[in-house]
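The values are calculated or read from the model by the stated rules, or taken from the named source; none is laboratory data. Predicted, not measured: the structure shown is a model, and the values here were computed from it. Virtual Cβ from ideal backbone geometry, glycine too; neighbours counted across all protein chains shown. Just so you know, the surface numbers come from the protein's heavy atoms only, side chains and all, with ligands and any DNA or RNA stripped out. Shrake-Rupley method; radii C 1.70, N 1.55, O 1.52, S 1.80 Å.
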Amino acid sequence: MTLPTPEDMPVAFARAWAARDADALAALFAEDADFVNVVGLWWHDRAAIRAAHHYGLTTFFRDSRLRVGRVKTRDLGGRAAVVQARMHLSGQLAPDGSKAGPRTTLFLFVMERRTDGWICVAAQNGEVIAGAETHLSGPQGTTPQDYR
């Protein structure tokens, strides 16, 4: 499925998420698209993107809400564009079944113009952690860190 403009991607992604429709979500991506999630899991094609999102949307994200915040688009010469979108997630389920707190992420979508519209060829989702500027790895794992 192609989109009329690159900046339509975040809203289309959020709509598919709200509908719990992994097929519609995956259709926003090219067959050979790449998707990197917030913990660095890297899916290398539409089928893998669909499978991963179907799993999440039917389990720990089944009651979640994804809201689009600020969107910024950079045209890269008419055939390509980069879309950045702040997304706000609420209603994720914790492993014990309780509701987790809200999260904010920053998506980066690389969009390509095709003859019938725009499609996503790569996406990466990064966690926004207030008050942190990097991660620090130690014996207890990786934790957000601020050096100021």
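Of the residues in region 79-94, at least one is over 27 Å from Thr142 (Cβ atoms) and either at pLDDT below 95 or open to solvent by less than 20 Å² (accessible area, probe 1.4 Å) (or both).
Do we have any residue at all in region 117-137 that's among the β-branched types (Val, Ile, Thr), in a loop (DSSP other than H, G, I, E, B), out of contact with any helix residue (DSSP H, G or I) (no Cβ under 6 Å at 6 or more places or on another chain) and open to solvent by 70 Å² or more (accessible area, probe 1.4 Å)? Break it down into steps so the answer makes sense when it comes.
First pass over region 117-137, keeping only residues among the β-branched types (Val, Ile, Thr): 119, 121, 128-129, 134.
Imposing the further condition that a residue be in a loop (DSSP other than H, G, I, E, B) reduces the set to 129.
Subsequent filtering for residues that are out of contact with any helix residue (DSSP H, G or I) (no Cβ under 6 Å at 6 or more places or on another chain) retains 129.
This time we only want the ones that are open to solvent by 70 Å² or more (accessible area, probe 1.4 Å), so: none.
So far as region 117-137 goes, no, none of its residues is among the β-branched types (Val, Ile, Thr), in a loop (DSSP other than H, G, I, E, B), out of contact with any helix residue (DSSP H, G or I) (no Cβ under 6 Å at 6 or more places or on another chain) and open to solvent by 70 Å² or more (accessible area, probe 1.4 Å).
Scanning region 30-61 for residues that are within 14 Å of Trp17 (Cβ to Cβ), part of a helix (DSSP H, G or I) and not aliphatic (A, V, I, L, M), we see that the one that is nearest to the chain's Cα centre (by Cα) is His53. Looking across region 62-74 at every residue that is part of a loop (DSSP other than H, G, I, E, B) and not acidic (Asp, Glu), the one that is most open to solvent (accessible area, probe 1.4 Å) is identified as Arg62. Look at region 117-131: where a residue is free of Cβ contacts under 8 Å to residues at least 40 places away in the same chain and a partner is not small (Gly, Ala, Ser), sitting 6+ places away or on another chain with Cβ atoms under 7 Å, you get Ile129/Pro144; Gly131/Asp146. Of the numbered criteria (1) of a type in the set (Lys, Arg); (2) in a loop (DSSP other than H, G, I, E, B); (3) touching a strand residue (DSSP E or B) at 6+ places or on another chain (Cβ under 8 Å), the one Arg148 fails is (3).
Counting only residues that are β-branched (Val, Ile, Thr) and over 16 Å from Leu41 (Cα atoms), which one in region 105-116 is surrounded by the fewest Cβ atoms within 10 Å (Cβ to Cβ)?
We begin by selecting, within region 105-116, every residue β-branched (Val, Ile, Thr); these are 105, 110, 115.
With over 16 Å from Leu41 (Cα atoms) added as a condition, the list becomes 110, 115.
Details: Val110: 19, Thr115: 5.
Going through the qualifying residues, I end up with Thr115.
Matching residues to (1) within 13 Å of Pro6 (Cα to Cα); (2) under 21 Å from the mean Cα position of the chain (by Cα):
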{"position": "Arg74", "(1), (2)": "yes, yes"}
{"position": "Gly77", "(1), (2)": "yes, no"}
{"position": "Gly101", "(1), (2)": "no, yes"}
{"position": "Phe109", "(1), (2)": "yes, yes"}
{"position": "Ala123", "(1), (2)": "yes, yes"}
{"position": "Thr142", "(1), (2)": "no, no"}
